[in-house]
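The values are calculated or read from the model by the stated rules, or taken from the named source; none is laboratory data. Please read all numbers here as calculations on a predicted model, not as lab measurements. All Cβ positions, even for glycine, are placed from backbone atoms using ideal geometry, and neighbour counts span all protein chains on display.
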Amino acid sequence: MAGQSGIGPMTLCDPTSFPCRIAGEVTGFDPVQYIDSKEARRMARFSQLAVAAALQAVEDADLHIKTREVHRIGVLLGNGNGGFPTTEFGCRVLVGRGGMKVSPFFMPMILPNMAASNVSRILGITGYNSTVVTACAASNQAIGEALEVLRRGAADVMLTGGTEAGISQLGLAGFSTMRALSSRNDDPQGASRPFDAKRDGFVPSEGAAILVMETLDHAVSRGANILCELAGFSSTSDAYHQVQPEESGQGAMRAMQLALADAGVELNEVDYINAHGTSTPINDVVETIALKRLFGDKAYKIPVSSTKSMVGHSLGAAAALEAIPCIKSICDGIIHPTVNHECRDPKCDLDYVPNKAREKDVKVVLSNAFGFGGQNACLVFRRYEE
């Protein structure tokens with residue numbers, strides 16, 4: 001809400017030979033505060049972050065798992081890359097020392113599903129378990145699919161969200177050769193600037209966010225502190241390009257439209273939109289086009305802001321990290337700003353809540369996530385009313 005960026009110099013790997021040398025890192029994280037040291041050594045960082053976030057979420061929700069029917073509790077997380085830095089390290093060991101020197105825990109550390117598996121194992125949850133791997137749309141889709149699990153009666157409670165910890169030379173190499181990253185290294189906190197005319201790419205980051213989602217009956221029966229309702233979800237495909245969004249915004253527009261229809265929400269009921277808003281030249285324009293195609297003139301009256309302006313782009317974890325400020329905007333009546341919005345782009349001409357938080361009575365929030373491969377996933381959060 002203060003509009004303070006968390007971007008700084010990259011420390012998790014040596015970025016010297018790359019054009020981007022800044023990142024949004026989870027600083028000061030010690031997995032041993034949450035996980036037994038032996039267990040922690042056998043987990044990649046993305047799993048460690050997920051377990052820590054899950055333990056925090058369960059505590060915040062006052063959900064006493066051991067007193068519940070654990071087979072009626074599930075885990076469904078989104079993830080993009082799995083243990084990417086661990087993959088890089090394993091390859092270096094293979095080339096430098098030979099294959100038999102690779103850790104026997106290499107495979108279970110790198111697999112994308114291991115975050116959900118480790119959350120389930122550490123917390124003793126035996127119900128529905130799955131992982132969504134759909135690039136930058138992953139955790140929105142995971143949260144939406146968890147909603148469907150609850151709707152069909154396969155669980156009473158779902159721990160859902162996303163995790164990512166892919167900052168590595170291998171990741172930097174891949175994104176740098178695509179020219180997707182910001183090179184504003186001399187101004188880390190000003191580097192992520194969604195919808196600004198001088199944006200030059202996204203800033204890589206990492207993190208994890210977990211939500212405790214449960215059926216209304218279950219929440220009421222245990223006296224839960226209900227923060228909001230997840231009212232709608234949709235997923236679509238652009239079916240267009242490996243990495244670029246379809247220029248007309250049709251796929252993104254349909255995902256938003258279908259999510260609102262699933263929630264039974266009219267266009268004029270949307271109070272706030274949390275944008276995918278990556279700070280890349282193409283994505284921000286296409287998202288703006290999609291919003292105007294769906295909402296028409298109403299698009300100019302709805303506040304739109306990008307969390308990534310302050311925390312960077314954590315890929316598979318991004319949408320889950322953004323779900324939290326969506327929910328908090330409903331609870332607290334404050335919309336966080338899009339920081340670094342200084343130079344107007346005529347192609348991005350909506351109300352992006354520039355640089356300063358705004359008080360507003362928020363009842364309905366639309367949250368967007370669009371990923372490589374043309375993956376689109378949208379959620380609708382709504383104020384809970386008895």
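Sub-7 Å Cβ pairs linking a first residue in the stretch 206-220 that is farther than 26 Å from residue 317 by Cα to a second residue that is buried (at least 24 other Cβ atoms within 10 Å of the Cβ), at least 6 apart or interchain, are 218/157, ordered by first then second residue.
Tell me whether the stretch 159-167 contains one or more residues that are under 26 Å from residue 223 (Cβ atoms) and touching a Leu at 6+ places or on another chain (Cβ under 7 Å).
Filtering the stretch 159-167 down to residues under 26 Å from residue 223 (Cβ atoms) leaves 159-161.
Filter again for touching a Leu at 6+ places or on another chain (Cβ under 7 Å), leaving 160-161.
Checked the stretch 159-167: at least one residue is under 26 Å from residue 223 (Cβ atoms) and touching a Leu at 6+ places or on another chain (Cβ under 7 Å).
Let me confirm something: among 316, 296, 333, which residue is surrounded by 21 or more Cβ atoms within 10 Å (Cβ to Cβ) and of a type in the set (Gly, Ala, Ser)? Steps first, please.
On the way: 296 fails: surrounded by 21 or more Cβ atoms within 10 Å (Cβ to Cβ); 333 fails: surrounded by 21 or more Cβ atoms within 10 Å (Cβ to Cβ).
Within the list 316, 296, 333, the selection yields 316.
For the stretch 320-330, residues that are surrounded by fewer than 24 Cβ atoms within 10 Å (Cβ to Cβ), under 27 Å from residue 165 (Cα atoms) and of a type in the set (A, V, I, L, M) total 2.
For the stretch 215-225, filtering for residues that are surrounded by 15 or more Cβ atoms within 10 Å (Cβ to Cβ) and in a loop (DSSP other than H, G, I, E, B) leaves 3. Before we move on, is residue 200 in contact with a His (Cβ under 6 Å, 6 or more places away or on another chain) and either more than 23 Å from residue 84 (Cβ to Cβ) or modelled with pLDDT under 95 (or both)? Considered against the rule, which asks whether it is in contact with a His (Cβ under 6 Å, 6 or more places away or on another chain) and either more than 23 Å from residue 84 (Cβ to Cβ) or modelled with pLDDT under 95 (or both), residue 200 comes out as no.
Conditions tested, residue by residue: (1) touching a Gly at 6+ places or on another chain (Cβ under 6 Å); (2) surrounded by fewer than 18 Cβ atoms within 10 Å (Cβ to Cβ).
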| residue | (1), (2) |
| --- | --- |
| 10 | no, no |
| 20 | no, no |
| 44 | yes, no |
| 50 | no, no |
| 62 | no, yes |
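Taken over the stretch 330-386, the criterion of being in contact with a helix residue (DSSP H, G or I) (Cβ under 6 Å, 6 or more places away or on another chain) and aromatic (Phe, Trp, Tyr) is satisfied by 370, 372, 381.
Do the conditions hold for residue 95, that is, is it hydrophobic (A, V, I, L, M, F, W, C), exposed (fewer than 14 other Cβ atoms within 10 Å of the Cβ) and over 25 Å from residue 157 (Cα atoms)? Even if it seems obvious, please write down each step before you answer.
Values: hydrophobic (A, V, I, L, M, F, W, C): yes; exposed (fewer than 14 other Cβ atoms within 10 Å of the Cβ): yes; over 25 Å from residue 157 (Cα atoms): yes.
It is true that residue 95 is hydrophobic (A, V, I, L, M, F, W, C), exposed (fewer than 14 other Cβ atoms within 10 Å of the Cβ) and over 25 Å from residue 157 (Cα atoms).
For the stretch 328-363, the set of residues classified as under 14 Å from residue 275 (Cα atoms) and of a type in the set (A, V, I, L, M) consists of 335, 339, 350, 353, listed by residue number.
Within the bounds of the stretch 168-186, is there any residue that is of a type in the set (Asp, Glu), at pLDDT 95 or above, more than 30 Å from residue 74 (Cα to Cα) and surrounded by fewer than 24 Cβ atoms within 10 Å (Cβ to Cβ)? Yes, the stretch 168-186 contains a residue that is of a type in the set (Asp, Glu), at pLDDT 95 or above, more than 30 Å from residue 74 (Cα to Cα) and surrounded by fewer than 24 Cβ atoms within 10 Å (Cβ to Cβ).
Within the stretch 339-351, is even one residue under 28 Å from residue 163 (Cα atoms), in contact with a Cys (Cβ under 8 Å, 6 or more places away or on another chain), not acidic (Asp, Glu) and not assigned by TED's automatic domain parsing to the domain that holds residue 60?
No, because not a single residue in the stretch 339-351 is under 28 Å from residue 163 (Cα atoms), in contact with a Cys (Cβ under 8 Å, 6 or more places away or on another chain), not acidic (Asp, Glu) and not assigned by TED's automatic domain parsing to the domain that holds residue 60.
Quick check on the stretch 147-156. Is at least one of its residues among the aliphatic types (A, V, I, L, M) and within 30 Å of residue 85 (Cβ to Cβ)?
From the stretch 147-156, those among the aliphatic types (A, V, I, L, M) are 147, 149-150, 154-155; that's our starting set.
Those still in the list that are within 30 Å of residue 85 (Cβ to Cβ) too: none.
No: the stretch 147-156 contains no residue that is among the aliphatic types (A, V, I, L, M) and within 30 Å of residue 85 (Cβ to Cβ).
Inside the stretch 81-108, residues that are closer than 20 Å to residue 160 by Cα and at pLDDT 95 or above make up a count of 0.
Out of 320, 231, 263, one residue alone is closer than 15 Å to residue 367 by Cα and in contact with a Ser or Thr (Cβ under 8 Å, 6 or more places away or on another chain). It is 320.
State yes or no: is residue 57 over 16 Å from residue 139 (Cβ atoms), at pLDDT 95 or above and not acidic (Asp, Glu)?
Numbers: over 16 Å from residue 139 (Cβ atoms): no; at pLDDT 95 or above: yes; not acidic (Asp, Glu): yes.
So residue 57 fails the test.
Do we find that residue 260 is in contact with a Leu (Cβ under 8 Å, 6 or more places away or on another chain), free of Cβ contacts under 8 Å to residues at least 60 places away in the same chain, more than 25 Å from residue 183 (Cβ to Cβ) and surrounded by 21 or more Cβ atoms within 10 Å (Cβ to Cβ) in this structure? So residue 260 does not fit the description; no. For the stretch 219-271, a tally of residues being basic (Lys, Arg) and closer than 30 Å to residue 67 by Cβ returns 1.
The criterion of at least 3 residues that are at positive phi and aromatic (Phe, Trp, Tyr) is met by none of the helices (runs of 4 or more DSSP H) falling completely within the stretch 229-317.
From 366, 294, 379, which residue is touching a Ser or Thr at 6+ places or on another chain (Cβ under 9 Å) and not basic (Lys, Arg)?
Details: 366 fails: touching a Ser or Thr at 6+ places or on another chain (Cβ under 9 Å); 294 fails: touching a Ser or Thr at 6+ places or on another chain (Cβ under 9 Å).
Within the list 366, 294, 379, the selection yields 379.
When restricted to residues that are buried (at least 20 other Cβ atoms within 10 Å of the Cβ) and either outside the structural domain of residue 370 (by TED's automatic domain parsing) or modelled with pLDDT of 95 or more (or both), the stretch 244-253 contains 4.
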